[in-house]
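Colleague: I am attaching a structure below and will ask some questions about it afterwards.
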Amino acid sequence: MNITVVELNAINPRLVPLIAHDRAGFGGGVCCCGVTMFFCLWCGRWQRSLWDAVAIAGTLGFATAVFIHPVVGYNDALHLAPAVLGLVMFVTGILASSGVLRGRPPVADRQTAAAGWPG
């Protein structure tokens with residue numbers, strides 16, 4: 001924003017605490033979502049609907065987190081590095097679990113075949 005704390009305080013002395021609480025709340029929400037997804041994947045039964053939910057949630061989450069920054073002009077590489085690393089890990093995990101990286105059929109097709117269900 002190219003503005004100092006002193007300048008923010010000159011606008012309104014309650015602005016800095018408001019921004020700090022907003023950032024803390026956002027970080028807590030991101031952490032909560034991450035922990036929830038971790039336990040869903042760790043403890044849940046692997047099935048196509050879980051894979052779809054993770055793929056959709058991760059795609060929307062990382063798309064908004066990473067790709068909104070250039071739109072608003074905030075391109076600090078150090079700030080974006082954790083989100084970009086997370087995006088790379090997410091895409092790799094989704095592709096690996098779908099079988100694309102190993103030349104295997106998609107998750108649903110493997111489950112159908114394993115269960116002996118017709119194609």
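Colleague: If DNA, RNA and ligands are ignored and the probe is 1.4 Å, what is the ranking of MET89, MET37 by accessible area, most exposed first? Please list the in-between numbers first.
Modeller: Numbers: MET89 125, MET37 65 Å².
The most accessible residue leads, giving MET89, MET37.
Colleague: Any idea of THR92's accessible area? Nearest 10 Å², probe 1.4 Å.
Modeller: Answer for THR92: close to 70 Å² accessible.
Colleague: Right, next: Quick one: dipole size for region 1-90, taken about the Cα centre, charges +1 on Lys/Arg Cβ and -1 on Asp/Glu Cβ, in debye to the nearest 20.
Modeller: Once rounded to the nearest 20, the dipole reads 280 debye.
Colleague: By how many nm would the segment from LEU78 to TRP46 grow when fully extended, if each residue of separation counts as 0.36 nm and the alpha-carbon distance is taken off? Don't skip to the answer; put the middle values down first.
Modeller: Numbers: separation 32, 0.36 × 32 = 11.52 nm, distance 3.50 nm.
This chain segment gains 8.0 nm when fully extended.
Colleague: For a quick check of your reading of the filter: which chymotrypsin sites (Phe, Trp or Tyr not before Pro) in region 1-64 sit in a DSSP loop and have no more than 13 other Cβ atoms within 10 Å?
Modeller: TRP46
Colleague: Only loop residues by DSSP count here, and only those with at most 15 other Cβ atoms within 10 Å; note down the trypsin sites (Lys or Arg not before Pro) in region 6-52 that meet that.
Modeller: Working: sites: ARG14, ARG23, ARG45, ARG48; in loops: ARG14, ARG45.
Those satisfying the criteria are ARG14, ARG45.
The values are calculated or read from the model by the stated rules, or taken from the named source; none is laboratory data. Bear in mind the structure is a predicted one, so any value in this text is a computation, not a measurement. Reconstructed Cβ throughout: ideal geometry from the backbone, glycine too, with neighbour counts over all protein chains shown. Side chains are part of the model used for accessible areas, which takes the heavy atoms of the whole protein and leaves out ligands, DNA and RNA. Shrake-Rupley method; radii C 1.70, N 1.55, O 1.52, S 1.80 Å.
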